[in-house]
Amino acid sequence: MYIIFAALIALSGTDGIESYGYMEPDQVLIDIVDIQWAPRTSVSPDFQNWLLLFPQTNPSIAELAQDELKLAGMRFSPQTLAPSRTRRFVDLSLMRYPELETVGIHSMPENPRILSTSWSPDGSSIAFTNETSEGVELWIIDARAAEARKLTGPVISLTANEWPEWLSDGSGIICCIIPEDHGESPVENPVPSGPVIQETTGVEAPARTYQDLLENHFDEDLFEYYLTSQLSVVRTDGSIDEVGDPGIIWYYSPSPDAEYIMVSQLRRPFSYMVTAGRFAELIEVWDIEGNTVYEVADLPVRDAIPIAIGSTFEGPRNVNWRSDSDATLCWAEALDGGDAGAEAELRDRIFTLEAPFDSEPAELLDLGSRFGSIQWGNDSLAIVSEWWWPTRNEKAWRIRPGYPDSEAELLVDRTWEDRYNDPGTPRTRLDSRGRSVLVTSPGGGSIYLTGKGASPEGDRPFLDRFDLNTLEVERLFHSRPPFFELPSRFINDECTLLLFIREAVDQYPNYYVQDMEYNSEMQVTFYSNPITALDGMHKELITYSREDGLDLSATLYLPPGYDVQNGPLPMVMWAYPQSYRTAAGAGQVSGSPYEYDFVGWWSPLIWLTQGYAVLDDPAMPIIGEGDEQPNDTFVEQLVMSAQAAVDEVVRRGVADPDRIAVGGHSYGAFMTANLLAHSDLFAAGLARTGAYNRTLTPFGFQSEDRSLWEAKDVYIEMSPFMNADKVDEPILLIHGNADSNSGTFPMQSERFFAALKGLGGTARLVMLPLESHGYRARESILHVLWETQEWLETYVKG
């Protein structure tokens, strides 16, 4: 294949344009791409049935070529009104528990393309949406009979990504349907009616770089047409009750008692600078007939939010129902004007308001940093989290929402960079109304926490019981080497049966149930490893230090049958930089030496099949302590970390220092280009879907929240485009030409390639038709692997 690759380059002509079609790599790589992984699992609220969802493998390029609208940051099919970039499931089945009998579901639609599934609150039924060529249908499954039944024709509208939701009494499913009098979609007049004009009047309105924005009046009309829907309740007998009038329904949420619906609608004027989530928005409470009961907020276009991370808009946000109450609204409002860069003692205030919503909202809690979430339990228990980006601090408070005069109790006050001392996250369950509430011990005196269990030896997930009175912790479950064991959920009300996942380097993940009362366990699923080409590979979590003494870690993989006595190998190093505020946090180990690796086209481990060693996720921390910002010394720290990783694998004798490739996706591609520009450590680079000119993202990127004009030198020094004359190693640039990710628009790769070509560099630009930030079509994926295989063979192994 090297001869073919070289010949194609030679035939490309002076303009470097090649005219051949999609290529395929070696068969072993094709086989890995085509693997059908085990189904996903969803346990019923009554624990008696497990829904198994079989995902679609990579779709064809023909599927991606179907019509797609890109409006205000949203992508959907104008034919089916379904999200166009969401993975479909192609089959469902049920497993009975504890019998472990798998049964097929009768009367399913032919050739299903399932978008979403949802258990009824009592676990007796499953609702699912099925996409056909004419539109999206709503179906229901009787779990006991394993029988499917269609409730509606192709009338469901999913353009706003709002999925059907059960009412708490199980009597129906609330969803958006296409209005009966919707008419035909707008038709664009090819003759312009005038210029497109935007104006600014001296008010600062910075915005990050978004894709798929509205551009003109016709786009506005299309957005309004396709996002307009009729909120409805589809009853289990197939009848439909319309709720209110049609509108641009952005999201909806029925109250836990099914008496009210919180409804958000978008309204004109729209914006050409921000995505739909920041358009003018009206949030109301309706009764079940659609009558307005209470106006929560009437928000303008939010296009002037400061760029400092943690900034937000003024007015109610995060509006939700209190899940453990019949009909109580809860929301947060900024007390600092929404500006995270402003000095303030208090940042947010949380409000609640009970039905019938005829009194003033009650103040629940004031926060010194930004509101994160609330997990509800009962009148005596809720957990409120807050966070603050500049210090990487998070706090958790125990409040008693039914007792407004009680004091909040601080449970957690820590930096999230300290993974070793992470106490874990409170576990939740679905109650009898299908609402998420805290899992408490039978007496109600304890909650349960799960976490990754990071340690110097790697991650060891855990389950703890936390006593709310004594604040003492009891460890109930801890992952045991040589396995990686991940707690999932309790599957009985007494909290004695724990569902967990067990896996190992050579063992595919399977579900087990541990009886913690009798100290016994039962295997529930029996999936086998579908990848045999990597049987016998070596996996090792390694640690080393960079020049400034900071401890780093990575995972080293060696091909099956390799012996270091046979000499060093060519290597692929795949990484992604992370920013930190403390060296102590940056130096902590991440990952596990016992975890099973899902190997697909996206994984660098696939190159083990071609005889390469792989160093996966070598730490590339960018640290800024005190008054310094991490990116002030980005290049210096990046090169220092890469040097340490290269030195370590060379010291071990497993990598040839002259045959190491570095690669990454997105910010990892940005890293790759920088390492080629500022070091001579690597033989070649593999850069997928990156951004290379930071001046094109002038109001912040990644974790950088200073603007170009505040940190001009930083933006320029970090931009590989500005240092293209220093890139003297071959670089393979791959980019989807329909990339929707903020900042990584396709022009980034095109302009960087043009600079490299103009400066006489060695580079190859591959633009993938119809692909976004992550690649989906089988043809595209196989071609990416072919390009990568040939690039490595030519410039690394060869």
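The values are calculated or read from the model by the stated rules, or taken from the named source; none is laboratory data. As the structure is a computational prediction, the values presented were derived from the model and not from experiment. In this analysis, Cβ positions are derived from the backbone assuming ideal geometry, glycine residues included, and neighbour counts consider all displayed protein chains. Protein only, heavy atoms only, side chains kept; ligands, DNA and RNA dropped before computing areas. Shrake-Rupley method; radii C 1.70, N 1.55, O 1.52, S 1.80 Å.
Please indicate, with yes or no, whether at least one residue in segment 720-731 is among the polar types (S, T, N, Q) and either open to solvent by 50 Å² or more (accessible area, probe 1.4 Å) or in contact (Cβ under 8 Å) with a residue 60 or more places away in the chain (or both). No, every residue in segment 720-731 fails to be among the polar types (S, T, N, Q) and either open to solvent by 50 Å² or more (accessible area, probe 1.4 Å) or in contact (Cβ under 8 Å) with a residue 60 or more places away in the chain (or both). When ARG398, ARG419, ARG460, ARG435 are checked against the criterion of being within 29 Å of PHE483 (Cα to Cα), out of contact with any helix residue (DSSP H, G or I) (no Cβ under 8 Å at 6 or more places or on another chain) and not polar (S, T, N, Q), ARG460 stands alone in meeting it. Of all the residues that make up segment 555-578, how many are farther than 18 Å from GLN643 by Cα and either open to solvent by less than 30 Å² (accessible area, probe 1.4 Å) or assigned to a strand (DSSP E or B) (or both)? Counting residues in segment 555-578 that are farther than 18 Å from GLN643 by Cα and either open to solvent by less than 30 Å² (accessible area, probe 1.4 Å) or assigned to a strand (DSSP E or B) (or both) gives 4.
Scanning segment 488-538 for residues that are among the β-branched types (Val, Ile, Thr) and either assigned to a loop (DSSP other than H, G, I, E, B) or within 30 Å of LEU556 (Cα to Cα) (or both) turns up ILE491, THR496, ILE501, VAL505, VAL524, THR525, ILE531, THR532.
Within segment 442-457, the set of residues being within 28 Å of PRO481 (Cα to Cα) and either without any contact (Cβ under 8 Å) to a residue 12 or more places away in the chain or outside any strand (DSSP E or B) (or both) comprises LYS452, GLY453, ALA454, SER455, PRO456, GLU457.
In this structure, does ASP219 turn out to be in contact with a strand residue (DSSP E or B) (Cβ under 8 Å, 6 or more places away or on another chain), charged (D, E, K, R) and at pLDDT 90 or above? The answer is yes for ASP219. Only residues that are surrounded by fewer than 21 Cβ atoms within 10 Å (Cβ to Cβ) and in contact with a Leu (Cβ under 6 Å, 6 or more places away or on another chain) were counted across segment 223-241, and they come to 1. Here TYR715 meets the list (1) closer than 23 Å to PRO306 by Cβ; (2) in contact with a strand residue (DSSP E or B) (Cβ under 9 Å, 6 or more places away or on another chain); (3) open to solvent by 10 Å² or more (accessible area, probe 1.4 Å) almost entirely, failing just condition (3).
Of all residues in segment 429-462 being among the basic types (Lys, Arg) and within 22 Å of SER168 (Cβ to Cβ), which is most open to solvent (accessible area, probe 1.4 Å)? I'd like the intermediate steps shown before the answer.
Going through segment 429-462, the residues among the basic types (Lys, Arg) turn out to be 429, 433, 435, 452, 460.
Retained after the next criterion (residues that are within 22 Å of SER168 (Cβ to Cβ)): 429, 433, 435.
Values: ARG429: 109, ARG433: 61, ARG435: 32 Å².
Filtering first and then ranking leaves ARG429.
The set of residues from segment 354-385 being more than 30 Å from ALA308 (Cβ to Cβ) and charged (D, E, K, R) comprises GLU354, ASP358, GLU360, ASP379.
Check segment 348-362 and report whether any residue there is loosely packed, with under 15 Cβ neighbours inside 10 Å, closer than 30 Å to LEU430 by Cβ and touching a Pro at 6+ places or on another chain (Cβ under 8 Å). For segment 348-362, residues loosely packed, with under 15 Cβ neighbours inside 10 Å, closer than 30 Å to LEU430 by Cβ and touching a Pro at 6+ places or on another chain (Cβ under 8 Å): present.
Across segment 385-404, a minimum of one residue is classified as acidic (Asp, Glu), free of Cβ contacts under 8 Å to residues at least 40 places away in the same chain, over 30 Å from TYR260 (Cα atoms) and assigned to a strand (DSSP E or B).
Where strands (runs of 3 or more DSSP E) fall entirely within segment 88-180, those with at least 3 residues that are under 30 Å from ASN510 (Cα atoms) are at 89-96, 101-104, 114-119, 125-131, 136-142.
Within segment 62-73, the only residue that satisfies the criterion of being open to solvent by less than 30 Å² (accessible area, probe 1.4 Å) and in contact with a Ser or Thr (Cβ under 7 Å, 6 or more places away or on another chain) is ALA72.
The lone criterion from (1) in contact with a helix residue (DSSP H, G or I) (Cβ under 9 Å, 6 or more places away or on another chain); (2) within 30 Å of PRO390 (Cα to Cα) left unmet by ARG268 is number (2).
Counting the residues of segment 647-677 that are touching a Phe, Trp or Tyr at 6+ places or on another chain (Cβ under 8 Å), open to solvent by 10 Å² or more (accessible area, probe 1.4 Å) and in a helix (DSSP H, G or I) gives 3.
Assess whether GLY341 counts as being within 30 Å of the chain's Cα centre (by Cα) and open to solvent by 40 Å² or more (accessible area, probe 1.4 Å). Judged against the criteria, GLY341 is a match.
Listed here are the residues, each with its yes/no results for (1) open to solvent by less than 10 Å² (accessible area, probe 1.4 Å); (2) over 30 Å from SER311 (Cβ atoms); (3) not in a helix (DSSP H, G or I).
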| site | (1), (2), (3) |
| --- | --- |
| PHE699 | no, no, yes |
| LEU733 | yes, yes, yes |
| SER740 | no, no, yes |
| GLY743 | yes, no, yes |
| GLU750 | no, yes, no |
| PHE753 | no, yes, no |
| ARG776 | no, yes, yes |
| GLU793 | no, yes, no |
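Within segment 146-159, restricting attention to residues that are among the small types (Gly, Ala, Ser) and open to solvent by less than 20 Å² (accessible area, probe 1.4 Å), the residue that is nearest to GLY247 (Cα to Cα) is SER157. The single condition among (1) surrounded by fewer than 22 Cβ atoms within 10 Å (Cβ to Cβ); (2) farther than 20 Å from LYS797 by Cα that GLU704 does not satisfy is (1). Might you let me know whether segment 474-486 holds any residue that is under 28 Å from ALA645 (Cβ atoms) and in contact with a Gly (Cβ under 7 Å, 6 or more places away or on another chain)? Yes, segment 474-486 contains a residue that is under 28 Å from ALA645 (Cβ atoms) and in contact with a Gly (Cβ under 7 Å, 6 or more places away or on another chain). Consider segment 678-694 and keep the residues that are in contact with a Lys or Arg (Cβ under 9 Å, 6 or more places away or on another chain) and open to solvent by 10 Å² or more (accessible area, probe 1.4 Å). The one that is farthest from PHE634 (Cα to Cα) is ALA683.
Of GLY183, GLY277, all but one fail to be more than 30 Å from GLY310 (Cα to Cα) and open to solvent by 30 Å² or more (accessible area, probe 1.4 Å); the exception is GLY183.
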